[in-house]
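As C-alpha cells, the structure follows; a few thoughts come after it.
The values are calculated or read from the model by the stated rules, or taken from the named source; none is laboratory data. Every value quoted in this text rests on a predicted model; they were computed, and no experiment measured them. Neighbour counts are summed over all protein chains in view; Cβ atoms, including those assigned to glycine, are modelled from backbone coordinates with ideal geometry. For accessibility, only protein heavy atoms count, side chains too; no ligands or nucleic acids. Shrake-Rupley method; radii C 1.70, N 1.55, O 1.52, S 1.80 Å.
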Amino acid sequence: MRARAMILAANVIGGASLLAFGVFLFRGPVQFVELARSDAEALVIDIVLSISFFVQHSGMVRRSTRDRLGRYVPGHYLGAIYSITSGLTLMALLVLWQPTSSVVVVVGHPYRLLFRALFAAAVVSFVWGIRALGSFDGFGVRPIRAHLRGEPLRELPLTIRGPYRWVRHPLYTMVLVLIWSSPDLAADRLLFNITWTIWIVIGTVLEERDLVADFGEDYQRYQELVPMLIPWRLPHHESR
C-alpha cells in the first residue's frame, strides 16, 4: 500500500507542478499571496524562492545526496521522494512568486504571434524528446514498479535518437526556449529568465559528470559528437 501511495503521490504532485509551471511560463505569474510592498522587495523574494528551488532540486539529484538518503530510505523510493519534494517546492515558488509592476519589454502584434508559435513548437519538441527516450520516468516511479513486481531494475541504455542526435539535453534546451518565448517581460520575469537560464546551464554541466560515470567512454564519445544544449552542428547520424 505504501509503495502504491508513493507512486500516486509522485505522479499527481509531479504532474500538477509541471502543468502549473507551464501555465506560469505561458501567461506569467498569478499573485496568490501579496508579500512585497515594492518592486525591490518583490525581486528579493523572487530570487530567494528561485535559489531555494535550485538548492533543493540540484542538491537532491546529486549522487552523493542520494547515497546519504539511501542509508535511511529504501533505494527504490528515492526517485519518487525526489519528484514529490521537487513538485512541492516548485508549487510553493509559483504560489509565493511576487509579480512586479515594472515592465521591461512588451512585444506587440504581429510579432507576438511568433513568440506564441515558438512556445508551442517547444512544447511539441519537448514531447518529442520524451518519446525518443522510449521509457521516460519523469517522476521516479519505475524503481517502485520493479520492486512491486519483484524484478531487478533494468538499466536504461544510452539513447541517441530523435532530438538527442541534435543536442545531448534536448529537454533542457526546450525548457530554455519556453522560458524565453514570453512576449512580455516585467522585471520579475526577466529576473526569472536570467537566473533560471544560469541554473539550467550549471545543472546540465553537473549532470554530465554523472552521465560520464554511468556510461563511461560511450558518453564521452557522445560529448565529442553532439553539442550539449545548442544545436550548432548537423544531427549525429548514429541511432541507438
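A few points about this structure:
- Two-site FRET efficiency, Phe26 against Leu206, from Cβ-Cβ distance with R₀ of 25 Å, rounded to 0.05: 0.35
- Considering only Arg116, Arg221, Arg131, the Gaussian network model of the chain with Cα springs below 10 Å gives its largest mean-square fluctuation to Arg221.
- In terms of its Cα atoms, region 1-96 spans 46, 26, 19 Å along the principal axes, sorted from long to short.
- Applying the criteria of a DSSP loop state and at most 15 other Cβ atoms within 10 Å to the trypsin sites (Lys or Arg not before Pro) of region 1-57 yields Arg37.
- Global geometry of region 29-167, whether rounded, prolate or oblate, following the gyration tensor of its Cα atoms and the 1.5 cut on a/c: oblate
- Against the chain, whose longest principal axis is taken from its Cα atoms, helix 78-96 shows a tilt of about 0°.
- Sites count as exposed loop sites when they are GluC sites (Glu not before Pro), lie in a DSSP loop, and have at most 14 other Cβ atoms within 10 angstrom; the longest stretch of the chain without one is 35-154.
- Legend: Rg and Dmax of region 94-169, from Cα coordinates, 19.6, 57 Å.
- Distance between the modelled labels on Glu155 and Ile194, one decimal in nanometres: 4.3 nm (7 Å Cα→Cβ projection).
- Sparse-neighbour loop sites [chymotrypsin sites (Phe, Trp or Tyr not before Pro); region 71-122; at most 15 other C-beta within 10 Å; DSSP]: Tyr72
- Spin-label pair Gln220/Ser38, simplified geometry with 7 Å Cα→Cβ offset, distance in nm: 5.4
- Gyration tensor (alpha-carbon) shape descriptor, the chain, a/c threshold 1.5: oblate
- Radius of gyration and maximum dimension Dmax of region 190-234, Cα, Å: 12.8, 39
- Rounded to 10°, Cα long-axis angle of helix 2-27 versus longest principal axis of the chain: 30
- Surface accessible to a 1.4 Å probe, Ser182 within the full protein complex, Å²: 20
- Under the convention that each Lys and Arg Cβ holds +1 and each Asp and Glu Cβ holds -1, the size of the dipole of the chain around its Cα centre is about 680 debye.
- The chymotrypsin sites (Phe, Trp or Tyr not before Pro) of region 24-65 meeting both criteria, a DSSP state outside H, G, I, E and B (loop) and at most 11 other C-beta atoms within 10 angstrom of the site's C-beta, are Phe32.
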